[in-house]
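Inspection log for the structure reproduced underneath, given as structure tokens.
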Amino acid sequence: MEQLTELEIAFFQLHMGFGPADRCVDWAVERLRLDEEGDDLEVVLLASARGRDEVLPLAEAIIERYRGVQRLSDQFLAGKFIVELRAAYLAGRESVSSLDAILTRLYPALRYPDWLVMLSRNCEYATDVPEFEQPFEDEFRYIASLWAQAESLAAFESTYSRATSDRHDVLGG
């Protein structure tokens, strides 16, 4: 199924409470518009679904059917979300405070991945301590750039350097 990754990202964000249900619906509408998966009843139903409670089970059924055990990991989906958040931050649609609220929920939900330690911490500190603004910016740029290029969690992990993240620390960098 083409463009399934887009649905998985939208589903992840909706499921985590960060994204709108409309993004999943728009995905289904676009599939139908392009005459892709037109005979898939769940895609048709998703295109007309309204609200989180209708959208989540339909999107999950579509993802499960086409990906099964090959579903993208939550860490990979979160990484792609970080890329979107960086673009929104640079465009002024997100702030350090709004990002802190997101990262505060995302970090424990992902079971505290090593790659998110410095970003989450620097963001939290940057909300109150001006000296952490530049280290936050540096780490945000670093993590988002790696995720923007990564095609999988393994690809990200092969390029991520904790030493580089540690240099984005006011105290030790």
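When the range 135-155 is limited to residues that are at pLDDT 95 or above and of a type outside the set (A, V, I, L, M, F, W, C), the one that is least open to solvent (accessible area, probe 1.4 Å) turns out to be Glu139. Sub-7 Å Cβ pairs linking a first residue in the range 19-47 that is at positive phi to a second residue that is in a helix (DSSP H, G or I), at least 6 apart or interchain, are Glu37/Arg31; Glu37/Val43, ordered by first then second residue.
Put simply, of Ala59, Ala10 the only residue that is open to solvent by less than 10 Å² (accessible area, probe 1.4 Å), more than 30 Å from Arg141 (Cα to Cα) and part of a helix (DSSP H, G or I) is Ala59.
In the range 156-170, the residues that are open to solvent by 60 Å² or more (accessible area, probe 1.4 Å) form Cβ pairs under 7 Å with partners that are not in a helix (DSSP H, G or I), at six or more places apart or across chains, as follows: Asp166/Gly172; Asp166/Gly173; Arg167/Gly173.
The sole residue among Leu85, Leu90 that is touching a helix residue (DSSP H, G or I) at 6+ places or on another chain (Cβ under 9 Å) and not β-branched (Val, Ile, Thr) is Leu85. Listed conditions (1) of a type outside the set (Gly, Ala, Ser); (2) out of contact with any Ser or Thr (no Cβ under 6 Å at 6 or more places or on another chain); (3) closer than 23 Å to Ser145 by Cβ are all met by Leu103, apart from (2).
Among the residues in the range 33-41, are any part of a helix (DSSP H, G or I) and either open to solvent by less than 40 Å² (accessible area, probe 1.4 Å) or in contact with a strand residue (DSSP E or B) (Cβ under 9 Å, 6 or more places away or on another chain) (or both)? Checked the range 33-41: no residue is part of a helix (DSSP H, G or I) and either open to solvent by less than 40 Å² (accessible area, probe 1.4 Å) or in contact with a strand residue (DSSP E or B) (Cβ under 9 Å, 6 or more places away or on another chain) (or both). Taken as a whole, the range 139-152 holds at least one residue that is more than 29 Å from Gln3 (Cα to Cα) and either among the aliphatic types (A, V, I, L, M) or free of Cβ contacts under 8 Å to residues at least 60 places away in the same chain (or both).
The values are calculated or read from the model by the stated rules, or taken from the named source; none is laboratory data. Please read these numbers as outputs of a predicted model, since none were measured by experiment. Neighbour counts are summed over all protein chains in view; Cβ atoms, including those assigned to glycine, are modelled from backbone coordinates with ideal geometry. What goes into the accessible areas is simple: the full protein's heavy atoms, side chains included, and nothing from ligands, DNA or RNA. Shrake-Rupley method; radii C 1.70, N 1.55, O 1.52, S 1.80 Å.
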